[in-house]
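The structure appears below as structure tokens.
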Amino acid sequence: MSNKLNHSMSLASPDTKGISTKQKIALATGLIGLFILVLALLNTNFPNQGVFLTLSLILISIGTIIYANDAYLTKLEGIKNDGVWFKSISSRGIIGWLTGVVLTAFYIVLYFYPELLGQGTNGEANTGLIGLFDPLSQLLSGRPASQWFVYGTLYTIAIIVFGYKFILKYRHNRYQQLRTVSVMFFQLGFAFLIPEFMYVMNSDLPYYDLKNMWPLNYYNFDQYRIDSFINNETVGLGLLIFGILSIFVISPFLTYKYGKRWYCSWVCGCGGLAETAGDSFRQLSSKKMSAWKLERWLIHTVLVFSVVMTTAVIHTYLGYDPNKYWLTKDLFLLLVAGFLVLVFASVLFFKGKELGKDAKYGAIGFFVVILSLVGMHFTGTTTEVFFLKAGGLRSAYGLYIGSIFSGVIGTGFYPILGNRAWCRFGCPMAAILGFQQRLFSKFRITTNGGQCISCGNCSTYCEMGIDVRSYAQKGENIVRSSCVGCGVCSAVCPRGVLKLENDGLDGRINSTEILLGNDVDLMDFVNKK
Amino acid sequence: MEHIVIIGNGISGVTAARHIRKMSDKKITIISAETDFFFSRTALMYVYMGHMKFEHTQPYENWFWDKNRIELKKGYVSNVDHQNNQLLFKSGETLSYDKLIIATGSKPNKFGWPGQDLDGVMGMYHKQDLENLEKYAPNNSVCKRAVIVGGGLIGIELAEMLNSRGIPVTFLVREKSFWDAVLPAGESAMINRHIKNHHIDLRLGMNLKEIISDEHGKVKGVVIQETGEVIDCNVVGLTAGVSPNVDFLKESGIELGRGIKVNRHLETNIPNIYAIGDCAEQHEAIGNRRPIEAVWYTGRMMGETVAQTICGNKIEYKPGHWFNSAKFLDIEYQTYGWVFGKPKEYEEQFHWKHEDDTKCLTVSYHKDTREFLGLNTFGIRMRHEVFDKWLTEKRDVDYVMQHLEEANFDPEFYKTYETTILSTFTSSQLKTA
């Protein structure tokens, strides 16, 4: 008998089941692969970098694949959440915290001290970890690796191998499988390979991940990019136009048809990593009402910041060269203001009633932006807005939002805050798509009449921290701007209560107070306010 | 201000309290001896399995009760003194009420088996049962084998729980096939096979004779009635159904049968005392329903109904069409309308099973009128709303089979089986015609 007294306190953390021999071997294999990367980081001089890089990446992949096979293929198809809250890694235990610290440290070094990874400065050759990746980068695009190439490669491998694991975990669920294949495809093709090939074909073009759109790639309208788009004539202009169409036409249309999930959990790279490598942490998101309130203020503040920042950046360089840019500073500000007025007025007109108090908060954000635009008009010079350097505003955004929030906190804190902290609290793109989803999308999660037993699996496994149960137990459909449509609530529901679907706009939001099952008279009574 | 006191903080009592609060300003107190806050009993299994923490089973955050001015009191009510409108607590305290709602739920059945009160013998109903299980079956080195007695919904959940921690399980089922009093033969047989596929030692047609004790008063094994076989085990789960938790009312003067007798307004024989949920027993059964219904949603509906009555809008408890759901290990089950395990004389059943042996469906209809009576579905989700409508409209079975696709509730991109089901149905009709 175990000498540990396992009395009722163990409700929260009883003994974990341990892993099989096969899984131990798999772990060892993967860790050896990882160890090669660590050695490279410590400036070990590998004789043949190409061989060791290949070996390392293959060992990591094989280790994960064998581990996943043994974890899922040895069992019958079904929900595989046994022991999630007993395992250290997935319940903020020691391993979870350590992983969080290591990931966070990695992101800080990656963003702010790439030379520590071996990035060669002033034309020197790369060393260390980045040097190890040179052969692969040379192969793909004929140039030495950079910290972003190393990051991109590891990121892509993570999505692919953990995507494979996720597919096995949900091998009874085709929605989950297709969605995962989709993020794997977009990451490998659009984020990783195509930009490298584009560079080979035309090295003057800026790096462009076609599936990334403003404001997620907040840098897309920076002057250096716009200049090089314009200088590259047809291809460049095509990309620029595609970038603008993505925001104003393509994404609203797709969100109208399918909800924001078409992007957030089928295409997006941040979402892709969260859904695959981050899957073990989805249950860690906070479901408290207070977290929801914080979320709404934070994400919309970031959105306002990104709109003002981008407008300011474009505004400053528009004055440079009237021959190059037909758009003048003031016309640009007027266009932005006009667009915002149009959006705000039509939302109030069509949806004002439905939004209630939220409309007031929306108005605050709106006026902040408009005031900023007026401010830009009066204080703007070719380099400054609000008497600050526009470049400074841009760097602040890049530093605090682009690097620290999305990278360091967003991913580094996976094992602490859950896998969608960035998507939920920070991503301005998610805010825009969420706004569209809440207002004019055909997407909703339908609740199945009176079948809900309030068990709470749906809420627990919602990575966005939505208290799904609070809707399901009232028989109410879930229409929330933050929902990324991952479909896991529906998968883990033991009673078949939830279904993600696209249907007409009428009756999409059905806040009844009573569920199906009662006699019709009672439903009338209780629903009378 | 009128004081409404509710004994029991389960789904029935809490729903009543919430709706009374919505409609009135009355003072509301909920009493429980089990937990401080409302939790979902149906989710206890997921805590043991590590899918959730206990706090996740609580549908409302802890500030909810204060904010809605619902007072929570922890205590065990030992009697009701209705002459003085007063509750007596085990601790000696008293509490006065103006109106009393009894929502004390159920307790696991014990049938007087020798050894049924030994250490390591437990039901799986209360939070305390979960704590007990955690104590006696934390892992497979402390608990080398567990025996479960009683093949119903709780029994199979307990089997799944123990299985999740790698504890070998022997599952004694009195019936010839799992839950065959409720499930038609084809479905029941499929679940038998599914249980065995999970490496659970399913013993059909077997009863418990006695539970054997070791020298410390702890379970050592069980003896099977039919074969005399002794099975060594460290835990025995008694899951042979539940019955109303009403023993504390025996001297109270409130009329009891198996449960607390109530009329359609959920009133007991004593004015101002109501009973709802698992502990309430209708004088006469409603439709095909049982007089005592220990189901999550009926508790909720009774809570909604009694809240109306207490707030001055006296209405009857009128449950609509029967429905229910469960999950047997990996296979989800839903039912709408009535499909009987032993078909009634007027009932005809059509059964379809997928070759992978994890999906099947049974449709019940009236032999003569062909009216659609109900459907059981395994491994395929169906839409409650659609079946509720079809049952109200009294659709015939042919209509239902042809429109089955409209009722499908499986996630997007799932393979659908309606066409196969319809063609199987059509050819079965030709054979019988």
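The values are calculated or read from the model by the stated rules, or taken from the named source; none is laboratory data. All values derive from a computational prediction rather than experimental measurement. Positions of Cβ are backbone-derived with ideal geometry, glycine not excepted, and every protein chain shown enters the neighbour counts. Note: accessible area is taken over every heavy atom of the protein model, side chains too, but ligands, DNA and RNA are not part of it. Shrake-Rupley method; radii C 1.70, N 1.55, O 1.52, S 1.80 Å.
Some values worked out for this structure:
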read-out: Rounded accessible area of residue A:389 (nearest 10 Å², 1.4 Å probe); value: 130
read-out: Fully extended contour minus Cα-Cα distance, from residue A:58 to residue A:400, at 0.36 nm per residue; value: 119.6 nm
read-out: Within the accessible area of chain B (1.4 Å probe), percent carbon and sulfur; value: 47
read-out: Chain B: antiparallel DSSP beta bridges as a percent of all, rounded to 5; value: 55
read-out: Extension gain, residue A:35 back to residue A:502 (0.36 nm per residue minus Cα-Cα distance, nm); value: 163.5 nm
read-out: Share, in percent, of DSSP beta bridges within the protein assembly as shown that are antiparallel, nearest 5; value: 60
read-out: Long-range HN-HN contacts of residue B:72 with modeled amide H, under 5 Å; value: B:30
read-out: Threshold 40 Å² - residues in the stretch B:366-385 whose accessible area is reduced by that much or more when the chain is no longer isolated, probe 1.4 Å; value: B:381, B:383, B:384
read-out: Computed label-point distance, nm, for sites residue B:197 and residue B:83 using a 7 Å Cα→Cβ extension; value: 6.3
read-out: Distant-in-sequence amide H partners of residue B:412 (H built 1.01 Å from N, under 5 Å); value: A:500
read-out: Cα shape, the stretch B:323-432, gyration tensor, a/c 1.5 rule; value: rounded
read-out: For the stretch A:128-140, 3J(HN,Hα) per residue [Karplus equation, 6.51 cos²θ - 1.76 cosθ + 1.60, θ = phi - 60°, Hz, x = Gly/Pro]; value: x, 4, 5, x, 4, 8, 3, x, 5, 5, 4, 5, 7
read-out: A:260, B:394, A:351, reordered so the largest accessible area comes first (probe 1.4 Å); value: B:394, A:351, A:260
read-out: Solvent-accessible area per residue, Å², over chain B with all protein chains present [probe radius 1.4 Å]; value: 40
read-out: Globularity ratio of the stretch B:121-240, using Cα Rg and 2.2 N^0.38 Å; value: 1.01
read-out: Antiparallel bridge percentage (DSSP; both residues within the stretch B:121-240; nearest 5); value: 35
read-out: Solvent-accessible area lost in complex, 50 Å² minimum, residues of the stretch B:23-54 relative to chain alone, 1.4 Å; value: B:50, B:51, B:52, B:53
read-out: Anisotropy class of chain B from Cα gyration tensor, a/c 1.5 cut; value: oblate
read-out: Full-extension gain in nm, residue A:200 to residue A:359, via 0.36 nm per residue minus C-alpha separation; value: 52.4 nm
read-out: Compactness of the stretch A:197-258, expressed as Rg and Dmax over alpha-carbon positions, Å; value: 12.3, 37
read-out: Karplus-derived HN-Hα couplings along the stretch A:284-297 (A = 6.51, B = -1.76, C = 1.60, θ = phi - 60°), whole Hz, x at Gly and Pro; value: 8, 5, 6, 9, 5, 4, 5, 5, 5, 4, 4, 4, 5, 6
read-out: FRET E, pair residue B:141, residue B:63, Förster distance 56 Å, beta-carbon r, rounded to 0.05; value: 0.85
read-out: Accessible surface of the stretch A:164-320, 1.4 Å probe, proportion on carbon and sulfur as whole %; value: 70
read-out: Average projection area in nm² (convex hull over Cα atoms of the stretch A:129-277, one quarter of hull surface); value: 9.5
read-out: Estimated buried accessible area (total), pair B and A, 1.4 Å, Å² to nearest 100; value: 5700
read-out: Listing of the stretch A:15-44 residues, each with accessible area lower by at least 10 Å² in the full protein assembly than in the chain alone (probe 1.4 Å); value: A:15, A:17
read-out: Alpha-carbon Rg/Rh ratio, for the protein assembly as shown, with Rh computed the Kirkwood way; value: 1.01
read-out: Average Cα contact separation per residue, chain A, under 8 Å, 6 or more apart, as relative contact order %; value: 15
read-out: Estimated distance in nm for a label pair at residue B:2 and residue B:394, the labels positioned 7 Å out from Cα along Cα-to-Cβ; value: 3.9
read-out: Solvent exposure, largest accessible area first (probe 1.4 Å, DNA, RNA and ligands not counted), of A:326, A:297, B:179, B:390; value: A:326, A:297, B:179, B:390
read-out: Kirkwood-based Rg to Rh ratio, the stretch B:255-319, C-alpha trace; value: 0.92
read-out: Descending semi-axes in whole angstrom, ellipsoid equivalent of chain A, from the Cα gyration tensor; value: 38, 36, 19
